[in-house]
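Engineer: One structure coming up, written as structure tokens, with questions to follow.
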Amino acid sequence: MAKNHGRLFVISAPSGAGKTTLVNKVLKLCPNIVRSVSMTTRQIRKGEAAGRDYLYVSKEKFESLIKVNGFLEYAQVFGNYYGSPRKFIEAQLRQKKDVILTIDVQGAMKIQKSMANKAVFIFILPPKFSDLKKRLLKRKSDSSKEIANRLRIAKQEMKYLKYYDYQIINDDIKIAYQQLLSIFISTKCKILK
């Protein structure tokens with residue numbers, strides 16, 4: 001019988017596809033799943049909290065962690081660094097906890113190279129590309145220039161769908177949540193070799 005241990009779930013989605021909402025719903029129901037809080041050099045936004053949304057650090061601090069292999073993956077997005085702290089993730093997995101990483105495709109592809117068989121990759125999509133713009137406008141957190149840039153990047157990100165294990169189309173939040181939860185449950189039941 002295979003030993004039960006923590007699994008790494010990598011979730012990517014274009015901005016506005018609903019990944020944060022879906023992940024938060026899963027975390028409320030599943031106490032053995034933890035979200036890895038990414039580290040970033042970008043400024044905190046209104047409504048965000050340090051330690052909950054991101055670990056906010058200076059560019060110098062981030063670059064010092066790069067030098068000592070302190071990230072499972074990191075990338076520069078929209079002019080800021082974002083990274084997944086290696087120490088936290090590895091400690092959680094050793095404690096038999098599942099870890100969710102909500103990261104962009106750039107970071108996910110780095111994890112694919114180093115941990116392809118040790119992680120589950122999930123891509124969340126809107127029902128139609130035009131829905132992304134509506135959702136981003138509704139959030140009222142980005143300028144029209146930033147929204148245009150996010151939509152341009154979203155088109156590029158969707159080309160990476162073929163590298164993921166699962167896709168979820170977030171048309172109905174209840175159905176998308178059930179699909180995401182079923183992926184977690186089935187992965188925990190899988191026999192690891």
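Any read-out appearing in this document is the output of simple, stated calculations on the displayed coordinates, not a laboratory observation. Everything numeric here is computed off the predicted structure, so don't read it as measured data. Here Cβ is always computed from backbone atoms with ideal geometry, including for glycine, and neighbour counts include all displayed protein chains.
Engineer: Put a dot 7 Å past each Cα toward the Cβ at ALA49 and SER143; how far apart are the dots in nm?
Structural biologist: Here the modelled spin labels are 3.0 nm apart.
Engineer: Something else about it: Which order do the peptides 46-58, 70-82, 179-191 come out in when sorted by mean C-beta neighbours inside 10 angstrom, highest first?
Structural biologist: Working: 46-58: 11.8, 70-82: 17.9, 179-191: 13.7.
Put in order of decreasing packing, that is 70-82, 179-191, 46-58.
Engineer: If the only charges are +1 at each Lys and Arg Cβ and -1 at each Asp and Glu Cβ, what is the size of the charge dipole of the stretch 8-189 around the Cα centre, to the nearest 20 debye?
Structural biologist: Using only the charged Cβ atoms, the result is roughly 240 debye.
Engineer: Next question, about the same structure. Ranking request for peptides 157-168, 31-42: highest mean number of other beta-carbon atoms within 10 Å first, then the rest in descending order.
Structural biologist: On the way: 157-168: 15.4, 31-42: 17.2.
Descending packing order for the listed peptides: 31-42, 157-168.
Engineer: Further question: Express as a percent, rounded to the nearest 5, the fraction of DSSP beta bridges in the chain (both residues included) that run antiparallel.
Structural biologist: 30 percent
Engineer: Kindly flag which residue pairs out of LYS61/LYS159; LYS145/LYS174; LYS25/LYS113; LYS46/LYS159; LYS25/LYS190 have an alpha-carbon separation exceeding 26 Å in this structure. Intermediate values should be presented prior to the final figure.
Structural biologist: Details: LYS61/LYS159 33 Å; LYS145/LYS174 32 Å; LYS25/LYS113 29 Å; LYS46/LYS159 31 Å; LYS25/LYS190 23 Å.
Too far apart for the 26 Å limit: LYS61/LYS159; LYS145/LYS174; LYS25/LYS113; LYS46/LYS159.
Engineer: Of GLN112, PHE88, LEU29, which is farthest on the positive side of the dipole of the chain, counting Cα position, with +1 on Lys and Arg Cβ, -1 on Asp and Glu Cβ, and the Cα centre as origin?
Structural biologist: Farthest along the dipole direction, towards plus: LEU29.
Engineer: In nm, to one decimal, how far is the modelled label at ASN32 from the one at LYS97, with both set 7 Å along Cα→Cβ?
Structural biologist: Using points 7 Å along Cα→Cβ, the separation is 1.4 nm.
Engineer: Mind listing the phi-derived Karplus ³J(HN,Hα) values for the stretch 44-60, rounded to whole Hz, using 6.51, -1.76 and 1.60 with θ = phi - 60°, and x for any glycine or proline?
Structural biologist: 5, 9, 4, x, 8, 10, 4, x, 9, 8, 8, 9, 8, 9, 6, 4, 5
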